[in-house]
Amino acid sequence: MAINGPVVQKVNKTPRFSVNKLGEYMGATAARRKRIIYDQKYPSSFIVSQYREAKEAIIKYIIKDYDETVILEAIDKIKKSTILKEQEIENSVLALNEALKTNLPNLSPFKKTRSKDDNPKININGLEISVSPDIVVKNGNKIGCIKTHVIKTEQNRLTQEASLYVGVLLHQYTEANLLEKEQSADVNLCISIDCFGNSHETAPKAIARRLSNIQAACEEIVLRWDSV
C-alpha cells in the first residue's frame with residue numbers, strides 16, 4: 001500500500017506576485033499587505049485548483065458573447081464530477097451562477113481569443129509579476145486583454161481601486177507583449193473582472209500616477225520579501 005508523505009509547502013524564493021494579488025495589495029491595510037506577501041511567498045495550490053473548471057467556463061462564456069448555455073452546461077458537468085470534492089463543486093457552481101449576474105461590458109463588436117499559455121512575466125523594480133491574461137481583445141488596431149478574478153472569500157475580492165490597478169498592469173502587459181506593427185494598447189479593452197464581486201473595471205485613461213504607485217509598492221514588496 002502506498003504511503004503518502006507530508007505535503008511539501010511551495011516557497012517562492014524570489015519576489016513574485018500575481019497581477020490580481022498586486023491589485024489587491026495596492027488598496028490593502030498594512031496588516032493585510034503583510035499577509036498578501038506571505039501568501040505569495042508560500043502559495044496555496046488549493047485556491048487555484050478548486051476554481052479551475054469554473055474559470056475556464058467563464059472565459060468561454062465571455063468569448064462567446066455571454067452565451068448562457070456555456071455556463072449552464074458547465075454547471076451540469078461540474079455537478080456530475082466524480083473528481084472534485086463536495087466543497088469544490090459547491091464553490092465552482094456558485095462562481096458560475098455569480099458570473100451570470102456580473103455586470104460585464106459589451107464586447108460583441110470585438111474579436112476575442114483565448115490567451116496563450118506561454119505568457120511572459122513583467123518585472124517592476126525587481127518584482128516578477130505574472131499577468132497571464134485570460135482573453136486578448138482586438139478592435140481593429142486597438143488591442144487589450146481581460147483578466148478574471150474568481151475567489152469566493154470576501155477579503156480576497158477586488159475593490160474598484162484594486163481593479164483599476166489591475167487594469168493599469170494589463171495595459172502595461174499589452175504594450176510590452178501583445179502589439180504588432182501599427183497596433184496600440186487601448187485602456188478601454190484592458191479589463192479586470194471580479195465574478196464574485198459582480199463587477200468590472202477598465203484601465204483608467206490617466207495611468208501615470210497609478211503606475212508610479214505600483215512601482216513604489218513593488219519596491220516595498222521586494223524589500224520585505226526575505227523577512228516574511
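The values are calculated or read from the model by the stated rules, or taken from the named source; none is laboratory data. Please read these numbers as outputs of a predicted model, since none were measured by experiment. FYI the Cβ positions are ideal-geometry reconstructions off the backbone, even for glycines, and counts take in every protein chain you see. With ligands, DNA and RNA removed, areas are computed over all heavy atoms of the protein, side chains included. Shrake-Rupley method; radii C 1.70, N 1.55, O 1.52, S 1.80 Å.
For segment 90-127, name all the residues that are open to solvent by 70 Å² or more (accessible area, probe 1.4 Å), touching a residue at least 40 places away in the same chain (Cβ under 8 Å) and assigned to a helix (DSSP H, G or I).
The one that is open to solvent by 70 Å² or more (accessible area, probe 1.4 Å), touching a residue at least 40 places away in the same chain (Cβ under 8 Å) and assigned to a helix (DSSP H, G or I): K101.
If Q87 meets every condition in (1) within 21 Å of the chain's Cα centre (by Cα); (2) part of a helix (DSSP H, G or I); (3) exposed (fewer than 14 other Cβ atoms within 10 Å of the Cβ) apart from one, which number is that one?
It is condition (1) that Q87 fails.
I'd like the residue in segment 199-209 that is more than 30 Å from E90 (Cβ to Cβ) and within 18 Å of the chain's Cα centre (by Cα) and, out of all such residues, is least open to solvent (accessible area, probe 1.4 Å).
A203
Is it the case, given these coordinates, that Y173 is open to solvent by less than 40 Å² (accessible area, probe 1.4 Å), under 21 Å from F110 (Cα atoms) and among the aromatic types (F, W, Y)? Let's see the steps before the verdict.
Working: open to solvent by less than 40 Å² (accessible area, probe 1.4 Å): yes; under 21 Å from F110 (Cα atoms): yes; among the aromatic types (F, W, Y): yes.
Answer is yes for this residue.
Can you list residue pairs whose Cβ atoms sit under 7 Å apart, with the first residue in segment 196-212 being basic (K, R) and the second being part of a loop (DSSP other than H, G, I, E, B) and open to solvent by less than 30 Å² (accessible area, probe 1.4 Å)? Count only pairs 6 or more apart in sequence or on different chains.
From segment 196-212, the pairs are R210/P204.
Looking at segment 184-198, which of its residues are in a strand (DSSP E or B) and open to solvent by less than 10 Å² (accessible area, probe 1.4 Å)?
Across segment 184-198, the qualifying residues are I191, S192, I193, D194.
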